[in-house]
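The values are calculated or read from the model by the stated rules, or taken from the named source; none is laboratory data. Since the model is a prediction, treat every value here as computed from it, not as a measurement. FYI the Cβ positions are ideal-geometry reconstructions off the backbone, even for glycines, and counts take in every protein chain you see.
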Amino acid sequence: MKPLFTVILSLFLCLPLLANNELQTVTDSVAAADTVTIQWHPDPNRATWLAVIVPGLGQIYNRSYWKLPIVYGAFMGCAYAISWNGGMYQDYKLAYRDILTDTELSTDPTRSYNAILPPGYTIETMGGRSQYTNTLNTRMNKYRRYRDISIAATFAVYVLSIIDAYVDAQLFDFDISPNLSLNVTPEFNYQIPQQRTTEIKLALTF
């Protein structure tokens, strides 16, 4: 019985040591995992190329998921503007072309230059054929310009999304915490004989 009692006692004495070793192992594993998470840094070049290939993919790579609604919302707004202005341009272009080619104005309400009239208006109330033709030409050019501006805005959003992905990756570790302090230190200067000067030093720490 004595040897058995000795073995059991030894096991009880070793249990705390085993528990401490197990706890230390778990702690080291958690610390190592935290270290891996903290040390991750996005590659600016990779973020840029991902944004070039697919808009918004650079933001996903940088883990800036909150920017995705902004990026895709801007693209959707530009796409809607292109579609709307492009459709209006085509309508006025067709009406302008038809009114120039028709020797006599058609009374058919489905004719392009009649269908595009505001409700309750006729060509006569719009100032006659000549004035109405100029109006159609002016509006056609206006919507063509708006369409081109919408296309340029879409390209600008695309470029800005690429720049944002690159800058966000570059400044990933930039400290933006409000850890600012201002130290005010008085200083007495005795360099000039028989004369004392007083100075105040301001030190702003970022």
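A few notes on this one:
- Screening Asp173 against (1) surrounded by 15 or more Cβ atoms within 10 Å (Cβ to Cβ); (2) in contact (Cβ under 8 Å) with a residue 40 or more places away in the chain leaves a single unmet condition, (1).
- Residues within region 80-119 that are surrounded by 12 or more Cβ atoms within 10 Å (Cβ to Cβ) and of a type in the set (Val, Ile, Thr), tallied: 3
- A search for C-beta distances below 8 Å between a residue of region 92-112 that is under 22 Å from Tyr146 (Cα atoms) and in contact (Cβ under 8 Å) with a residue 40 or more places away in the chain and any residue that is aromatic (Phe, Trp, Tyr) and surrounded by 15 or more Cβ atoms within 10 Å (Cβ to Cβ), counting only pairs 6+ apart in sequence or on different chains, returns Tyr92/Tyr143; Ala95/Tyr113; Tyr96/Tyr113.
- For region 113-149, a residue qualifies if it is at pLDDT below 95 and within 22 Å of Ile82 (Cβ to Cβ), and exactly one does: Ile116.
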